[in-house]
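Single-structure report; data block below.
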Amino acid sequence: MKQLAPSILSADFICLGEQLKQLQKLCIHYLHIDVMDGAFVPSISFGMPVIASIRKNSSLFFDVHLMIERPIRYVDAFCKAGSSILTLHVEADTQENTLEALRRIRENGVRAAI
């Protein structure tokens with residue numbers, strides 16, 4: 001079954017909580033969360049505190065896309081913040097670190113993707 005995953009980047013952050021409730025009422029189950037560090041990609045978005053705060057009030061599946069350099073540094077924190085799946089870029093780190101990051105993501109009970 002195909003799933004629609006609206007991106008949090010299109011949200012109005014003044015009323016983010018209400019918009020998340022609207023998504024759930026519309027039977028949307030996935031939320032796409034682009035995390036950008038300004039180094040791996042030229043834009044900056046948000047990090048673990050935003051994910052942790054919206055996780056408290058949302059049962060949506062959090063599809064967290066890490067567009068950051070050396071994601072191994074943060075995978076444990078993103079898992080603990082409430083990610084349902086963490087997607088990494090292979091070109092964002094060494095092969096060794098990427099494999100270790102994938103192992104740690106799964107160890108935290110979160111789905112891992114490349």
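The values are calculated or read from the model by the stated rules, or taken from the named source; none is laboratory data. The structure displayed is predicted, hence computed values, not measured ones. Every residue, glycine as well, gets a Cβ built from its backbone with ideal geometry; the counts of neighbours run over all protein chains shown. Side chains included, ligands, DNA and RNA excluded: accessible areas come from the protein's heavy atoms. Shrake-Rupley method; radii C 1.70, N 1.55, O 1.52, S 1.80 Å.
Things worth noting here:
- Label zone at Phe46, where the point sits 7 Å out along the Cα-to-Cβ direction: segment 75-110 residues whose backbone N lies under 19 Å: 75, 77-87
- Fraction of antiparallel bridges per DSSP, the chain only, in percent to nearest 5: 5 percent
- The computed Rg and Dmax of the Cα atoms in Å for the structure shown corresponds, within (1) 16.5, 52; (2) 13.9, 42; (3) 17.8, 64, to (2).
- Accessible area (Å², per residue) of the chain, counting only protein heavy atoms and a probe of 1.4 Å: 58 Å²
- Shown for the chain: lysine pairs separated by 8 or more places, or found on different chains, whose C-alpha atoms are under 18 Å apart, numbering 4.
- Percent carbon-and-sulfur accessible area, the chain, ignoring ligands, DNA and RNA, probe 1.4 Å: 56 percent
- Candidates Phe46, Phe78, Phe61: whichever shows maximal mean-square fluctuation once the chain is modelled as a Gaussian network with Cα springs under 10 Å: Phe46
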